[in-house]
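This report concerns only the one structure given below.
No value in this document is a laboratory result; all are computed from the given coordinates. No experiment lies behind these values; they were computed from the predicted model shown. Methodologically, a virtual Cβ is constructed for each residue, glycine included, from the backbone with ideal geometry; neighbour enumeration extends over all protein chains shown.
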C-alpha cells in the first residue's frame, strides 16, 4: 500500500484513527512503523493527509491525522465497459481505479454471456475492496462511481445523458477512423471511453453508439483482451488529456 485509506466514519472527532485488519498488518509487518513515524493516509472521496503513529499493539495502529485543505480532483475520464467474464472483471477493478476513472458504467452486449451478471463482483461488497486496493496503490482517494446496466439499448438511448451529460465520447474499435490523439487533440473536456467485449461490438451496437455521439478510435488492427485494451486505452486517454 502506498496510501492507507479510511472512511470518513473511521476518523474520530479528535482527528485520531485506528488502522486494523489488513491495514494494521501492512503497517506493522511491511512498513514496520514505530511510535512517532509518519505515513501517508487519506479519506475515501476526501483529502489526502499524514498519519503520525501514537501507538502500536493489540492488532491495531493508532494515529493522529492531519489532512490537506482540498481533496484530489475526480479523474476526468469515464469508462463504459461491456461486462467481461467474472475472473477478468476481478482483475480489472483494481487496475481501473489505479489508472484513474471517474465512473465505471458496466453494460450488456450481444457477445456478453447473460450469467456474467450473476457474479457477486457486481455488488458493492464484492468490488469496493478491489477498487480501494487500486486507489491505495496509486495514492488517490476518489472512488469510481459504479453502475450496472443489463439493457444496452436502454442505457445508450435513455440513461447515458444523465450519467455523462457533457464531454467527448469515443468508442474503441479496430476499424476506427482515427487515433485517440487525433480525435481528442488538446481538448480538456471530460472523456467517456467505450470498450466492447472481447468478441467486439456488433454492427447494431456500433451504429447506436455512433448515433449517440461516439467517435470510433483505433490502436491498430490487433484484437486485444479486455484487460489489455482497457489499460492501454485509458493510458492513452490520460496521456492525451
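Here the extension length gained between residue 223 and residue 189 equals 9.4 nm, from 0.36 nm per residue of separation less the Cα-Cα distance.
Distance from the Cα centre of the stretch 87-140 to that of the stretch 1-17, in angstrom? Their Cα centres are 24 Å away from one another.
Our helix-only sum for the chain, with -39,500 (n - 2.57) per DSSP H run of n ≥ 4 divided by its residues, gives a mean residue ellipticity at 222 nm of -8000 deg cm²/dmol.
Separation of the stretch 43-84 and the stretch 165-231, taken as the distance between their Cα centroids, equals 31 angstrom. The largest-to-smallest principal axis extents of the Cα set in the stretch 4-67 are 27, 20, 18 Å.
Expressed as a whole percent, the proportion of Cα-Cα pairs in the stretch 99-241 lying more than 28 Å apart is 16%. Report note on the peptides 193-200, 31-38: ranked by the mean count of other C-beta atoms within 10 Å, highest first, their order is 193-200, 31-38.
Taking every DSSP bridge with both residues inside the chain, close to 40 percent are antiparallel. The candidate values were (i) 61, 40, 32; (ii) 63, 40, 38; (iii) 82, 32, 28; the one computed from these coordinates for Cα extents along the principal axes in Å carries the label (i).
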